[in-house]
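Here the structure is laid out as structure tokens; the discussion comes afterwards.
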Amino acid sequence: MQRPGAYWTMEMALTCAALDAGQAKDWELVAHVTTADDLLPRATELARAIAAHPPRSIRLNKRLLRNSTEMGLEAALDMAAAYQAIVQNTAD
């Protein structure tokens with residue numbers, strides 16, 4: 001995940017400025033912006049897309065994405081290979 005630059009972070013922290021949905025999307029702090037009427041259908045669609053995959057695979061992907069931001073490329077690739085071996089050899 002890309003984070004806002006240091007200047008934007010400083011401005012937000014010091015001014016306590018609130019972001020509107022468009023700014024949050026532009027800064028890649030959110031993946032989607034939708035209307036209130038479309039919120040539940042869109043959330044349900046995303047939930048179904050995630051639930052269509054094996055639970056262990058989803059858990060390991062989430063763990064990999066969280067942890068890989070704090071490690072080097074080689075370590076992240078090793079972790080990805082290890083997790084891939086795990087999910088290829090499970091029933092789910």
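The values are calculated or read from the model by the stated rules, or taken from the named source; none is laboratory data. Every value quoted in this text rests on a predicted model; they were computed, and no experiment measured them. Methodologically, a virtual Cβ is constructed for each residue, glycine included, from the backbone with ideal geometry; neighbour enumeration extends over all protein chains shown. When the accessible area is computed, the model is the full protein with side chains, heavy atoms only, and any ligands, DNA or RNA have been set aside. Shrake-Rupley method; radii C 1.70, N 1.55, O 1.52, S 1.80 Å.
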### Task
Using R₀ = 35 Å, calculate the FRET efficiency as 1/(1 + (r/R₀)^6) where r is the Cβ-Cβ separation of ALA13 and MET71; round to 0.05.
0.85
### Message
With every protein chain kept in place and ligands, DNA and RNA left out, what is the accessible area per residue of the chain? Probe 1.4 Å, answer in Å².
### Response
82 Å²
### Query
At 4 °C and 1.567 mPa s, what whole-number value in µm²/s does Stokes-Einstein give for the translational diffusion of segment 1-65, with Rh from the Kirkwood sum over Cα pairs?
90 µm²/s
### Query
Looking only at GluC sites (Glu not before Pro) in DSSP loops with at most 16 other Cβ atoms within 10 Å, what is the longest site-free stretch of the chain?
29-69
### Query
When the dipole is taken about the Cα centre of the chain, and only Lys, Arg (+1) and Asp, Glu (-1) are charged at their Cβ, what size is it in debye, to the nearest 20?
380 debye
### Query
Along the charge dipole of the chain, Cβ charges K/R +1 and D/E -1, which of ALA52, LEU40, THR69 sits furthest on the positive end?
ALA52
#### Entry: Accessible carbon and sulfur surface of segment 31-92 relative to its total accessible area, %, 1.4 Å
58 percent
### Message
Can you show me the helix-derived [θ] at 222 nm for the chain, built from DSSP H runs with n ≥ 4 at -39,500 (n - 2.57) apiece and divided by the number of residues, rounded to the nearest 500.
### Response
-21000 deg cm²/dmol
